[in-house]
Amino acid sequence: MKLKSSQTLGEFIIDKQADFKYSSGELSRLLGAIRLASKVVNQQVNKAGLVDIIGAIGNQNIQGEEQQKLDVFANDMFIGALKNREVVCGIASEENEDFISIKSKDDAHNSKYVVLIDPLDGSSNIDVNVNVGTIFSIYRRISEDGPVTLEDFLQPGNKQVAAGYIVYGSSTMLVYTTGNGVNGFTLDPALGVFYLSHPNIKIPEDGKIYSVNEGNYLKFPQGIKNYIKYCQEEKENRPYTSRYIGSLVSDFHRNLLKGGIYIYPSYSQAPKGKLRLLYECNPMAFLAEQAGGSASDGFTRILDLNPVELHERTPFVCGSKKMVEKVEKFMKDAQEQ
Ligand code: P6P
């Protein structure tokens, strides 16, 4: 067997350490904690399906509980790994109502980073074997010292120091940015090592894939309805292709590599949309922009939104720059009519 030539994630993080402003290696150790937790979660996500097919695996009940609670398992794994590395002073998670303040072993709160995570986005897809993902967003704390405060988490997305996701799919990939471009790493499950497989990812400026839950079409704002009709027209390079699998990380990942747009608009039952600003939209928006794409709520750049609540939602339009601009034009024109 030939040893792989490409760089491992660990080597890459160390190589790029110089890119992190004022980092004394803590951000590298933080990313290392995420790398570790993602491997443990990947193992469980891949086993989850076996319960349904075989059901005779010793720990069927436990595994069954984990399967229903796999997102809680993922939450515990990421929080545990981050706590053990003593590099974060606070964590906020989709699974926890309140944020967690973390003391280092010397009882101090001297770590300087806070992390926000969606530990297993799309987990309702697990039992039908559709890809799921983990999303993370990292900030430097703004409070001086002592326990973290809510304000440490309520920072606009343009203050993120790093963000990324893990997609547990046909292969497991970790994609992240520290503000110096986007790089993708594929897990070799036999060795348990992430290898650099997608260096310096750039999203195509335009695309022909649109991802939206068209079942909600009648409830969408007029601008979104008009854009969907535009995608379906037999004109120029249209109709586009509709691809929506109900898992943000997977829909985003495909569009990142091929070009496309993901839309989760507001509608009557969800006046602010469904997706969470802090640990879904901000990290994905940071990645999209770092790859040359863009992200808005249909009017305003996602990364410039000022959060007021930990779990607040926002309408979300994200992907190829020209496609996002086209949606924003439809939204603006509809508003003016
Ligand atoms: P809907 C999963 O629950 C999620 O948060 C995203 O991963 C996904 O894109 C979206 O919700 C699906 O929502 O309302 O279309 O089923």
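Key figures
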quantity	calculated
At 1.306 mPa s and 10 °C, Stokes diffusion of the chain via Kirkwood alpha-carbon radius, µm² per second	77 µm²/s
Highest-first arrangement of 246-252, 178-184, where packing means the average Cβ count within 10 Å	246-252, 178-184
Greater than 19 Å apart at Cα, pairs in Lys202/Lys272; Lys208/Lys229; Lys229/Lys329; Lys159/Lys326; Lys219/Lys322; Lys208/Lys258	Lys202/Lys272; Lys159/Lys326; Lys219/Lys322
In degrees, nearest ten, helix 222-232 long axis to first principal axis of the chain (Cα)	90 degrees
Expected 222 nm ellipticity per residue - DSSP helices of 4 or more, -39500 (n - 2.57), all of the chain, to 500	-10000 deg cm²/dmol
Candidates Gly207, Gly90, Gly192: whichever shows maximal mean-square fluctuation once the chain is modelled as a Gaussian network with Cα springs under 10 Å	Gly192
Cα shape, region 85-195, gyration tensor, a/c 1.5 rule	prolate
Solvent-accessible area per residue, Å², over region 221-302 with all protein chains present [probe radius 1.4 Å]	37 Å²
Rounded percent of accessible protein surface that carbon and sulfur make up, the chain, 1.4 Å probe	49 percent
Listed residues Ala74, Ala37, Ala18, most fluctuating in the chain (Gaussian network, C-alpha, under 10 Å)	Ala18
Dmax and Rg, reported as Rg then Dmax, of region 126-269 (C-alpha, Å)	18.4, 60
Among Gln290, Gln269, Gln17: highest mean-square fluctuation, GNM of the chain, C-alpha pairs under 10 Å	Gln269
Separation in nanometres of the label points that stand 7 Å from Cα toward Cβ, at Asn180 and Arg301	2.2 nm
Phi-based couplings in Hz for region 200-213 (Karplus 6.51, -1.76, 1.60; Gly and Pro marked x)	6, 5, 10, 7, x, 4, 10, x, 10, 10, 10, 10, 7, 7
For Ile100, residues with placed amide H under 5 Å, excluding near neighbours	Ile91, Ala92
Assigned charges on the beta-carbon of Lys, Arg, Asp, Glu; the chain dipole about Cα centre (debye)	920 debye
Region 209-336: radius of gyration over Cα atoms, expressed as a fraction of 2.2 N^0.38 Å	0.97
The chain - percent relative contact order, Cα under 8 Å, separation 6 or more	15 percent
Electrostatic dipole magnitude of region 209-336 [Cβ: Lys, Arg +1; Asp, Glu -1; Cα centre; debye, to 20]	260 debye
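The values are calculated or read from the model by the stated rules, or taken from the named source; none is laboratory data. Not measured: the values here are computed from a predicted model. In this analysis, Cβ positions are derived from the backbone assuming ideal geometry, glycine residues included, and neighbour counts consider all displayed protein chains. The area values use the complete protein model at the heavy-atom level, side chains included, leaving out ligands, DNA and RNA. Shrake-Rupley method; radii C 1.70, N 1.55, O 1.52, S 1.80 Å.
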